[in-house]
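Before any comments, here is the structure.
The values are calculated or read from the model by the stated rules, or taken from the named source; none is laboratory data. Every value quoted in this text rests on a predicted model; they were computed, and no experiment measured them. All Cβ positions, even for glycine, are placed from backbone atoms using ideal geometry, and neighbour counts span all protein chains on display.
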Amino acid sequence: MTEMVTVYVMGKEYKVPKGLTIMRAMEYIGYKFIRGAGCRAGFCGACATVYRLKGDYRIRNALACQQIVEDGMYLAQIPFYPPKKATYDIKKIKPDVNTILTHYPEVARCVSCNSCTKICPQELDVMDYVQAAIRGDIERVADLSFDCIMCGLCTSRCPAEITQYYVAILCRRLYGRYLAPRAKHVQKRIREIQSGKFDKEMKKIMKMSKEQLKKLYAEREIEK
Ligand code: SF4
Ligand code: SF4
Ligand code: FES
C-alpha cells in the first residue's frame, strides 16, 4: 500500500502519496498548473513556492517541481512578481558600472543583509554578485550568476527592492557581447559557412529522408 503523508494547501488538509514533489502532490489533489510551471525539471524557475513544516516557525522556499513533500507541510504558491525590467539595445550600451546604475539604480540600495543568498534555490552567492554589480565588476556578476534560473525568490526577500536576476542578466549580456574572449575556432567556422564551404553538403542533407538522417546521425564522427 502507498504510504501517505498529510499536507495543507491554502489551509486545507489533504493526504498525498509520500515521495511526490510539491507540484505532483498539488496535481494529485486536483490543482491544475496553468501558470507557475514550465520545465518541471528545476531549470525554468517558474514554480517558486513557499511552505512551512509542522512545529517550525520558519517560512521556507523551494521550487515546487523539485521539493519532495513532507508530512505536515503547509503549502502555498507564490504569485508572479511584477518587477521592473529595463529595456536596452545591447549594441548601444557600454560594459561599465554606469550602465548598471543607469538601468538599475536601486542596486546601490543593497544593505548587505544576505537574504537573497539564503533563499536562492540554486545556492548562488546572490549578495556577492549584487556587490560586484555595484563595483561594476561585470565579469564577476556573470560568473556568479551563471546558474540563475530567474525564479524571483531573491527579489521576494530583498528589503531594498532590487531585482537581482535582471541586474545579473544585464551583466551576462554585457559580458557576452563585450568582455568574453572570442573563440577563434568559432569565428573561423563562421567564415567558412559564410564563404559557402558547406553549401553542397547542406543541399545533400536537405534532400535526405528521415531514416537517412537518423543513419547519418548515428554514424557521425564523435570527438574523443
Ligand atoms: S539568483 Fe534569484 S532569481 Fe536567480 S535562481 Fe537565485 S533566487 Fe532565483
Ligand atoms: S536581499 Fe537585497 S539588500 Fe539584502 S543582500 Fe540581497 S540584494 Fe542586498
Ligand atoms: S517548473 Fe521549471 S523549475 Fe520548476
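Values as computed for the structure displayed
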read-out: Leading residue by the ranking (nearest to ligand 2 (Cβ to nearest atom)) among those in region 104-133 that are surrounded by fewer than 19 Cβ atoms within 10 Å (Cβ to Cβ) and among the aliphatic types (A, V, I, L, M); value: VAL111
read-out: Test: residue in region 10-20 that is buried (at least 18 other Cβ atoms within 10 Å of the Cβ) and at pLDDT below 95; value: no
read-out: Yes/no for ASP125 being acidic (Asp, Glu) and over 19 Å from the mean Cα position of the chain (by Cα); value: no
